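Have a look at the structure below, then the notes.
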Amino acid sequence: MEPLTKKARIEGITSNDKRDKVIAVLENLVLSDGDVHRIMEVMEQQIDFANSQQEEDRKRSDLFWEFTYVQGLLKGDEKGDYLGLDLGGTNFRVVRVTFNEGKAETTTKYYNLSQELLSGPAEGVFDHIANSIEKFINEEKMSSDTAIPLGFTFSFPSIQKSLKHSVLITWTKSFKCTTGLGEDPVDMLEAAIQRRGGLSVPVDVVARISDTTGTLMAGSYLDKSCRIGLIIGSGSNACFVEQAKNFKKFEDGVKTSNQIVVNTEWGAFGDNGCLDFFKTDFDKEVDRTSNHVNSFTFEKMFSGCYLGELVRLVLVKLTNEGLLFKGEGSTKLMEMGSLPTSYVTEVESDGPEETSHTTGVLQSLDLTADTEDIALVQAVCGLVSQRGAYVVSAACAVLLNHIDLPEVTIGIDGSVYEHHPRFHGYMMELLEKLVPGTKVKIILVKDGSGQGGAFVAAVGSRS
Ligand code: GLC
């Protein structure tokens, strides 16, 4: 891989001395071919451990490699109404899917969760969910004599016990609730519905899935070749369609179907130090100041909760070394969290000769910038984003090797992938090199995580 792919922009810096100093700060953010291949090797090792029947081995892996109990896709003959709930990202969503002659009509509504709820007792979050379902039922003027099947997309690492039941292992992303660990998300939901005296239309919670599974289901509705459901939003994770015979973790295997959906929970990949070989001081600092310290190494390298902060730390370093903003910066730039990921996508929206988006972002941060500053900020956003897209592509390449089909579509949901103008291109660039034998397509599956919840409800409630 070319060193400093964005070199052209860095070459906009006229002084050789300054350019050398800038490169010294940024070069660790550039992955070599060797790094990318090592990421793939390390991930394969972690999969072997996670997929082992020996508990000792499983403990050595950062991946969950969970059997999702989802063993079927839509058949096309589904009828009627299904509900999906989507908890895990910036917004809580309620989704209604109505099947009409095989076509799914979807309505999605957002019910924002306050910061206060995210760090209070879990009951508060679940009460909000139950009240939002009731609001949705009223706004949608829903009525039904029988309970409406509901799929709950609950996107936090959980051990799956059956299609419906699971145990929450840890909160992640911006959730830091004081209770809920070790509990079953569906039990917590049903208890909240009871606390409010039920709903005006009864629901039957048939499944708990992760947003990755929802995205895979919704992706396969759009494109029959979809085999990977990927989230690049506040956090990151992937699930994929694996051959049941390769799922070795259960002593008796999975005999109910030939193909199964495995949830990798790869957000925590690297927590045991296996990715330390390319971790930068910026990554360490993001971790140190995050909600969940010493965990979720992989997703902290590129997902929405962290990408902006990573860029901010690089800019602060360059400023402190006198290489940006005449060494002065601004009070805002020095504040943790002042550069959200949306600013990075904004900067990345500028074309080769453009600066307007970048200038707007710098103004919001009270920064006065000259032409070289603007070029350097663009280079940093490009490098950090590209590294993110590359690590996620290396991990996707491992899954594509497992799937081993000539044509595979990756369905992606999540704010970073949706809004970042170059993430798709960066990913395709690397995937074409890493899996030359597979024709890879990447599609946006907007709101797929919640819609997929309703799809799983339809599949799971099939009699
Ligand atoms: C975090 C969660 C994981 C989820 C992902 C994407 O990594 O732990 O369960 O799927 O974010 O939202």
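Could you look through region 241-261, keep only residues that are in a strand (DSSP E or B) and out of contact with any His (no Cβ under 7 Å at 6 or more places or on another chain), and pick out the one that is most open to solvent (accessible area, probe 1.4 Å)? Let's see the steps before the verdict.
To start, the set of residues in region 241-261 that are in a strand (DSSP E or B) comprises 241-243, 259-261.
Pick out the ones that are also out of contact with any His (no Cβ under 7 Å at 6 or more places or on another chain) and you get 241, 243, 259-261.
Numbers: 241: 25, 243: 69, 259: 96, 260: 1, 261: 10 Å².
Among residues in region 241-261 that are in a strand (DSSP E or B) and out of contact with any His (no Cβ under 7 Å at 6 or more places or on another chain), the one most open to solvent (accessible area, probe 1.4 Å) is 259.
Could you please give the count of residues in region 101-121 that are assigned to a strand (DSSP E or B) and either crowded, with 16+ Cβ neighbours inside 10 Å or among the hydroxyl-bearing types (Ser, Thr, Tyr) (or both)?
Within region 101-121, the subset assigned to a strand (DSSP E or B) is 103-112.
From the residues that got through so far, the ones that are either crowded, with 16+ Cβ neighbours inside 10 Å or among the hydroxyl-bearing types (Ser, Thr, Tyr) (or both) too are 104, 106-111.
Total meeting the criteria: 7.
Looking at 375, 379, can you tell me which residue is closer than 25 Å to residue 20 by Cα and either at pLDDT 95 or above or more than 25 Å from the chain's Cα centre (by Cα) (or both)?
None of the others qualify; the one that does is 375.
Yes or no, residue by residue, for (1) in contact with a Lys or Arg (Cβ under 9 Å, 6 or more places away or on another chain); (2) open to solvent by 40 Å² or more (accessible area, probe 1.4 Å); (3) within 30 Å of residue 457 (Cα to Cα); (4) part of a loop (DSSP other than H, G, I, E, B):
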{"site": "13", "(1), (2), (3), (4)": "yes, no, no, yes"}
{"site": "21", "(1), (2), (3), (4)": "no, yes, no, no"}
{"site": "35", "(1), (2), (3), (4)": "no, no, no, no"}
{"site": "40", "(1), (2), (3), (4)": "no, no, no, no"}
{"site": "72", "(1), (2), (3), (4)": "yes, no, yes, yes"}
{"site": "86", "(1), (2), (3), (4)": "yes, no, yes, no"}
{"site": "89", "(1), (2), (3), (4)": "yes, no, yes, yes"}
{"site": "95", "(1), (2), (3), (4)": "yes, no, yes, no"}
{"site": "99", "(1), (2), (3), (4)": "yes, no, yes, no"}
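Looking at 210, 174 in this structure, which one is within 11 Å of the ligand (Cβ to nearest atom), modelled with pLDDT of 95 or more and of a type in the set (Gly, Ala, Ser)? First the steps, then the outcome.
Details: 174 fails: modelled with pLDDT of 95 or more.
Only one candidate passes the filter, namely 210.
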Original post:
Picking from 353, 285, which residue would you name as being more than 16 Å from the ligand (Cβ to nearest atom), surrounded by fewer than 21 Cβ atoms within 10 Å (Cβ to Cβ) and part of a helix (DSSP H, G or I)?
Top reply: 285
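Restricting to region 426-454, count the residues that are within 16 Å of the ligand (Cβ to nearest atom) and hydrophobic (A, V, I, L, M, F, W, C).
Summing the residues that are within 16 Å of the ligand (Cβ to nearest atom) and hydrophobic (A, V, I, L, M, F, W, C) in region 426-454 gives 2.
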Original post:
Mind checking which residues of region 58-70 are open to solvent by less than 60 Å² (accessible area, probe 1.4 Å), closer than 18 Å to residue 252 by Cα and not aromatic (Phe, Trp, Tyr)?
Top reply: 66, 68, 70
Original post:
Does residue 219 count as closer than 30 Å to residue 104 by Cβ, within 16 Å of the ligand (Cβ to nearest atom), part of a helix (DSSP H, G or I) and in contact with a Ser or Thr (Cβ under 6 Å, 6 or more places away or on another chain)?
Top reply: no
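Only one of 127, 81 is within 20 Å of residue 197 (Cβ to Cβ) and open to solvent by 20 Å² or more (accessible area, probe 1.4 Å). Can you tell me which?
Details: 81 fails: within 20 Å of residue 197 (Cβ to Cβ).
Only one candidate passes the filter, namely 127.
Is it fair to say residue 304 is near the ligand (Cβ under 10 Å from one of its atoms), under 24 Å from residue 211 (Cβ atoms) and not in a loop (DSSP other than H, G, I, E, B)? Reasoning before the result, please.
Numbers: near the ligand (Cβ under 10 Å from one of its atoms): yes; under 24 Å from residue 211 (Cβ atoms): yes; not in a loop (DSSP other than H, G, I, E, B): no.
For residue 304, the condition - near the ligand (Cβ under 10 Å from one of its atoms), under 24 Å from residue 211 (Cβ atoms) and not in a loop (DSSP other than H, G, I, E, B) - is not met.
Condition first: open to solvent by 10 Å² or more (accessible area, probe 1.4 Å) and polar (S, T, N, Q). Now tell me which residues in region 387-402 satisfy that.
Restricting attention to region 387-402, the residues satisfying the condition of being open to solvent by 10 Å² or more (accessible area, probe 1.4 Å) are 390, 401-402.
The answer is 401, and nothing else.
Give region 222-234 a look and list any residue that's outside any strand (DSSP E or B) and within 16 Å of the ligand (Cβ to nearest atom), or say none. Can you show your working first?
Taking region 222-234 first, the residues outside any strand (DSSP E or B) are 222-225, 233-234.
If the condition is that a residue be outside any strand (DSSP E or B) and within 16 Å of the ligand (Cβ to nearest atom), then 233, 234 are the ones that fit.
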Original post:
How many residues does region 144-163 hold that are within 21 Å of residue 131 (Cα to Cα) and either away from the ligand (no atom under 16 Å from the Cβ) or open to solvent by 40 Å² or more (accessible area, probe 1.4 Å) (or both)?
Top reply: 7
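The values are calculated or read from the model by the stated rules, or taken from the named source; none is laboratory data. Nothing here was measured: the structure is a model prediction, and the numbers come from that model. Note: ideal-geometry Cβ built from the backbone for every residue, glycine included; neighbour counts use all protein chains shown. Remember, those area values only see protein heavy atoms, side chains included, never the ligands or the DNA or RNA. Shrake-Rupley method; radii C 1.70, N 1.55, O 1.52, S 1.80 Å.
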